[in-house]
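Below is one structure, written out as structure tokens; comments come after it.
The values are calculated or read from the model by the stated rules, or taken from the named source; none is laboratory data. Bear in mind that the values here come from a model prediction, so they are computed numbers and not experimental data. Cβ sites come from the backbone with ideal geometry, for glycine too, and all protein chains shown count toward neighbours. Accessible surface areas use protein heavy atoms only, side chains included; no ligands, DNA or RNA. Shrake-Rupley method; radii C 1.70, N 1.55, O 1.52, S 1.80 Å.
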Amino acid sequence: MTAPVMDALDALESEAIHIFREVAGEFDRPVILFSGGKDSTLLVHLAVKAFAPAPVPFPLLHVDTGHNYAEVIEFRDRIVAEKGLRLEVAHVQDWIDDGRLTERPDGTRNPLQTVPLLDSIVEKRYDAVFGGGRRDEERARAKERIMSLRDGFGRWDPRSQRPELWNLYNGRHAPGEHVRVFPISNWTELDVWRYIQREGIELPSIYFSHRREVFRRDGMWLAEGPWGGPRGAEALEERTVRYRTVGDGSCTGAVESTATTLDEIIAEVTASRLTERGATRADDRMSEAAMEDRKREGYF
């Protein structure tokens, strides 16, 4: 009997499910980072598939900046309820209120997520942290292994990355260390959208074209919110936009788009020459090595 032929999406799905099961068997206290964005929603879908019909055997964690889009938070909470998952939320505002963090002059809270993340990992004794990072997103993420060791302070050292030959993953770590795990590391943005279409995965509405009041800053369309709004000569105007990635509202830009269906989004992504982070994330533009610097400090 001839074995069924796997297409590219089948192979990526199989690899990701294998990684989830490897971690479940090797680690004591894994957790999935879940923001309600497309990549973390994909992770949750794959985790449900990996362990069905049993429940997902570990919780979700969201480091909430308080600067999230309302549509995304509503979606996050609904998905958790529908799938019977356990969600833990670390609110950046709590760290600001008790003095462990201080608001930045520019108003963005995205870089402030690192301390609540590391504190939550220590407090809950997580030894494996699943993230939705992909190698095609950004140069620093391209350096990272699928199982990426963090030291006792949560820091990442590119020189300590271990070989991963023949899909053999080394999760060995000393007490106090933990491992970040990236099951969709080998996926591209286009793979993600094609898989979302194939599997019928629901996403927040802001990933699809809609009318929104935005203003132009540094070549991006930003929305007004609790994080601030137009400055100086900047002015709000209503545009037809969608979001390619979802993060802190202060530094996540929209793109002008009329794509209201998955077919239209896939066609748009296929024609794009910029990754979603390169096109719409102001926090990655702070310096040449902005992402790598943050990852060294313990960022996602």
So Arg217, is it open to solvent by 60 Å² or more (accessible area, probe 1.4 Å) and over 21 Å from the mean Cα position of the chain (by Cα): no
Evaluation of Lys143 against (1) under 30 Å from Thr270 (Cα atoms); (2) at pLDDT 85 or above; (3) under 20 Å from the mean Cα position of the chain (by Cα) (one fails), failing number: (2)
Residue in the stretch 29-44 that is more than 20 Å from the chain's Cα centre (by Cα) and in a helix (DSSP H, G or I) present: no
Number of the condition not met by Gly200 [criteria: (1) loosely packed, with under 14 Cβ neighbours inside 10 Å; (2) more than 19 Å from Gly37 (Cα to Cα); (3) out of contact with any helix residue (DSSP H, G or I) (no Cβ under 7 Å at 6 or more places or on another chain)]: (2)
Residues of the stretch 259-276 satisfying the condition of being surrounded by fewer than 16 Cβ atoms within 10 Å (Cβ to Cβ), at pLDDT below 95 and hydroxyl-bearing (Ser, Thr, Tyr): Thr270, Ser272
The stretch 215-238 - residue that is small (Gly, Ala, Ser) and assigned to a strand (DSSP E or B) and, of those, modelled with the highest pLDDT: Ala223
Subset of the stretch 16-61 that is without any contact (Cβ under 8 Å) to a residue 12 or more places away in the chain and not aliphatic (A, V, I, L, M) - its residue that is farthest from Met147 (Cα to Cα): Pro53
Near pairs, Cβ below 6 angstrom, 6+ apart or cross-chain, from the stretch 69-96 (in the same structural domain as Leu42 (by the TED database)) to any residue that is open to solvent by 60 Å² or more (accessible area, probe 1.4 Å): Glu71/Ser205
Qualifying positions in the stretch 106-121 - in a helix (DSSP H, G or I) and open to solvent by 20 Å² or more (accessible area, probe 1.4 Å): Pro111, Val115, Leu118, Asp119
Meets criteria (surrounded by fewer than 21 Cβ atoms within 10 Å (Cβ to Cβ), not β-branched (Val, Ile, Thr) and not assigned by the TED database to the domain that holds Val246) for Gly154: no
Subset of the stretch 244-258 that is closer than 22 Å to Ser40 by Cα and of a type in the set (Ser, Thr, Tyr) - its residue that is surrounded by the most Cβ atoms within 10 Å (Cβ to Cβ): Thr252
For Ser209: the one exception among (1) in contact with a helix residue (DSSP H, G or I) (Cβ under 9 Å, 6 or more places away or on another chain); (2) modelled with pLDDT under 90: (2)
Residues within the stretch 221-254 that are in contact (Cβ under 8 Å) with a residue 60 or more places away in the chain and polar (S, T, N, Q), tallied: 2
Hey, Val241 more than 22 Å from the chain's Cα centre (by Cα), buried (at least 19 other Cβ atoms within 10 Å of the Cβ) and part of a strand (DSSP E or B) or not: no
